[in-house]
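Input: a single structure, listed below in structure tokens.
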Amino acid sequence: MGNKITNTLTTKTNNYFDAIVVGSGISGGWAAKELSENNLETLVLERGENVDHIKDYSTALMNPWDFKYRNNMSKSDLSEQPIQSSHCNAGNKHFFVNDKENPYIQEKTFKWIRGYQVGGRSLTWGRQCYRFSDLDFEANKNDGHGVDWPIRYKDLSPWYNYVESYIGVSGEKEGLSQLPDGIFLPPIGFNTIERHLKDNASSYSRTLKVIQSRVANLTENKNGRLKCQYRNLCSRGCPYTAYFSSNGVTLKDAEQTGKMTLRVNSIVKEVIFDSEKNKAIGVRIIDAKTKQEKEYYAEIIFLNASTIATAAILLNSTSERFPNGLGNSSMQLGHNLMDHVVTSGVTADHNGYLDKYYYGRSPGSIYIPRFQNLQGQKKEKNFLRGYGLQGKGERKNWSNRELVGIGSDLKDQLCSPGKWGIWLGGRGETLPYYSNHMSLDKNKFDSWGMPLIKVDFEFKANELAMIDHMNKSAEDLLAKTGFSNINTYRSNPIAGSAVHEMGTARMGRDSRTSVLNENNQMHDVKNVFITDGSCMTSSGSQNPSLTYMALTARACNFAVKEFKAGRL
């Protein structure tokens, strides 16, 4: 991003826009692109610092020995980032927040993993891209948990096509009803042990299928972006633009329109509601550096600050009309918080294929789509809905096998790969519970005078039962496909660990039980749209970011039409 980054929008003539986008991460970047490409003067507000694509990827080309502690976090780092450190290292820690400077209250343990900079978590995401199916969109209606989605797969399918064609997703068509095929670049491909698992999985189950992960890493050059170099250092920022991020792709295209203005260090305090006009007219921000407040005005507002932060902004946006938060007549705002269950898995070894190896460090992986509680199947007794398994196979090296001896014998072992090993871990759906929620503590404040966010979340019986099934299934699969030394690990599932938080401003058909309609438009305030994870009505078992992007593109298309028709 270049000449349209500013911290100095102050006069009445330059603080009016057609649209304001709050947040510059995966969904915010998409909103910026779609709105500006449709000729709307668009202001993007980011609470963190600028990260200039390529130039500011300071560690992208560093070797392990270039770091003082060989890419490990120092004691000082760990004291500053006790929560974030579970998901970062010395190579990417600068893309994760300082926990001491950005506190929140955990009423029950919840890891809130954040990236306050231009691009947000699009710089560090896992890049797994899976479509939801009607198994997901109809789940709430069918089993009575939560409210019914106001859309179905057919409504989102063309937008999945649009997003995949633009960002570039590698993968293969599989013909699975529970995981619809998309528009794919050539797959990254399995290595030898992953191919072995795929070819032999039918010995475990005819309904279980091992597929290549679908990831937003290019396997072919595309629109000036270079294909993946198989370094697997994606979370440091990619100097080849081989994986999709806001910085390298959507924000770059938005900037090229000449219609986008990006203001950094802008903490959105609240959305301003005009009771006479019965609409939102802008936002009030706090400058992160000067702590001065400023106001910006627009006809359309897209909130994409991330699930918990977006709900916090709305809860803080009180007025006589909305004393409990903007657009919160349903009293659902902040509730129905979801995250996937991830803290369990299985590892194993294989004694064969010792003459085989692989090229580079693949950013791809194994994916086993949900194979429980499918249509026409006998239902599981202990849990509703289901889970998928993700994993990876590789030859063991000096860091993950026992080495013996000294001198030349030890050197030979260091230079020779060990056995093949494999890892499988569950990704389980969480039901939408009203009791899982975030709120604001009006008696405790951060450095900018904002109420501290409180998170009250726990996995319940359905999710805990699913964990047992995940591990048993993975163990049985590996045993029946020729693996040995099978070891299961399970820790208390720590909420937030998947970094898939969603659901605090859900879509729905009824304004009495939901915050947003079928177009991601607030039931109560028609010119406010929410397309980050807040909008999700159920969580599915798949990684959700592709769905956020498709919903954003679709909602922007609707908003632009409404704006140009004078209905906003």
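The values are calculated or read from the model by the stated rules, or taken from the named source; none is laboratory data. Given the structure is predicted, the values throughout are model-derived calculations rather than measurements. Neighbour counts run over all protein chains shown; Cβ positions are idealised from the backbone, glycine included. For accessibility, only protein heavy atoms count, side chains too; no ligands or nucleic acids. Shrake-Rupley method; radii C 1.70, N 1.55, O 1.52, S 1.80 Å.
By definition, a body whose alpha carbon gyration tensor gives a ≥ b ≥ c is oblate when a/c is 1.5 or more and a/b is not larger than b/c, and the stretch 349-490 fits this oblate description. Looking at (1) 25; (2) 38; (3) 34, which value of percent of Cα pairs over 39 Å apart comes from a calculation on the structure shown? Recomputing percent of Cα pairs over 39 Å apart here gives the entry labelled (1). For the chain, with all protein chains in place and a probe radius of 1.4 Å, 48% of the accessible heavy-atom surface sits on carbon or sulfur. A Förster radius of 51 Å, combined with the Cβ-Cβ distance separating F558 from E402, puts the computed FRET efficiency at roughly 0.30. Computed over the chain, the per-residue total of -39500 (n - 2.57) for DSSP H runs of n ≥ 4 gives a 222 nm mean residue ellipticity of -6000 deg cm²/dmol, rounded to 500.
Could you tally the net charge around D143, taking each other residue with its Cβ under 13 Å from the Cβ of D143, Lys/Arg +1 and Asp/Glu -1?
-2
Neighbours of L179 by Cβ distance under 12 Å: Lys/Arg scored +1, Asp/Glu scored -1, total 0.
So for the chain: antiparallel DSSP bridges make up what percent, rounded to the nearest 5? Let's see the in-between values first.
On the way: 53 of 78 bridges.
Around 70 percent antiparallel, to the nearest 5.
Taken along the Cα-to-beta-carbon direction at a fixed 7 Å, the label points for R284 and N102 span 2.3 nm.
What separates the Cα centres of the stretch 398-469 and the stretch 497-533 is a distance of 28 Å.
From the alpha carbon centroid of the stretch 294-350 to that of the stretch 101-177 is 14 Å. For a label point 7 Å from the Cα of N161 along Cα→C-beta, name the residues of the stretch 169-191 whose backbone N is under 14 Å from it. Hits in the stretch 169-191 for N161 at 14 Å: 181-184. With both labels modelled 7 Å from their Cα along Cα-to-Cβ, the Q256 to Y240 distance reads 2.1 nm. Placing unit charges on each Cβ (+1 for Lys and Arg, -1 for Asp and Glu) gives the chain a dipole about its Cα centre, and among S514, N397, M549 the Cα reaching farthest toward its positive end belongs to N397. Averaged per residue, the chain has 40 square angstrom of accessible surface, using a 1.4 angstrom probe with ligands and nucleic acids left out. What is the local net charge at C129, summed over the other residues whose Cβ is closer than 10 Å to its Cβ (Lys, Arg +1; Asp, Glu -1)? Net local charge, C129 excluded: +2.
Could you tell me whether the stretch 255-316 comes out rounded, prolate or oblate from its Cα gyration tensor? Rule is a ≥ b ≥ c as square roots of the eigenvalues, rounded for a/c under 1.5, then prolate if a/b exceeds b/c, otherwise oblate. Rounded, because the longest to shortest axis ratio a/c is under 1.5.
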